[in-house]
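Read the figures in this text as sums done on the coordinates, not as results from a lab. Computed from a predicted model, the values in this text were never measured in an experiment. For neighbour counting, all protein chains shown are included, and Cβ atoms are generated from backbone atoms with ideal geometry for every residue, glycine included.
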Amino acid sequence: MASANYDISHEQGTNFVLNINYYDESGIPVNLSQGYWAQMDVRGQRYELDTNNDTLKLRFSTSNTYGVTGTIVNGGRTAGHISLDGEFVYRDDLEGATTSGVTGQISLSFPKEISRQLSSGSSLYDLFLYDDRGISSGTTGDAYAEKLLSGKFIIAPAISDPEFGG
């Protein structure tokens with residue numbers, strides 16, 4: 001099945017959450033809590049033209065930790081989070097999170113602390129869902145891969161100082 005084309009807009013300096021509901025052919029939410037993982041890259045250009053990841057701006061993954069995962073100062077990269085069990089609810093200290101437990105909901109997120117560091121502009125992205133299907137060793141190389149979404153990831157610039165009161 002072909003992936004859907006969906007442009008994502010985000011306001012610089014704010015929390016980012018995108019919830020995607022994933023259903024089977026009968027309209028039943030798919031339980032993604034075991035045997036699945038996901039990854040989404042946000043890049044300045046296609047991977048085939050950037051195999052060194054020089055234009056990689058964000059990497060969302062089910063394997064990323066919940067809190068602030070890095071800095072993008074001086075060309076560094078940072079990460080977003082993917083939950084396959086509903087939306088992340090972050091703790092105040094950003095060191096952990098719980099999920100809402102919604103079956104079939106893929107939730108992508110990062111806190112405002114990451115968003116404040118992002119440069120405004122338009123990039124490309126695609127979101128892949130991997131399925132172990134009982135034959136995989138748990139690695140992406142031998143799992144079933146499905147591209148769910150692709151399009152532009154647009155960061156709209158903040159007019160006010162996103163630190164508020166800074």
(request) Quick one: which residues, 5 or more positions from ASN15 or on another chain, have an amide H under 5 Å from its amide H? H modelled 1.01 Å from N in the peptide plane, none for Pro or chain starts. (result) LYS112
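Fewest to most neighbouring Cβ within 10 Å: what's the order for ARG133, ARG116? It would help to have the intermediate numbers written out before the result.
Values: ARG133 11, ARG116 15.
The fewest-first ordering by Cβ neighbours comes to ARG133, ARG116.
How do THR99, THR51 rank when sorted from fewest to most other Cβ atoms within 10 Å of their own Cβ?
On the way: THR99 16, THR51 7.
Ascending number of Cβ neighbours within 10 Å: THR51, THR99.
Near ALA145, within a Cβ-to-Cβ distance under 13 Å, what is the net charge of the other residues, with Lys and Arg +1 and Asp and Glu -1?
Details: positive: ARG133, LYS147; negative: ASP126, ASP131, ASP132, ASP142, GLU146.
The answer is -3.
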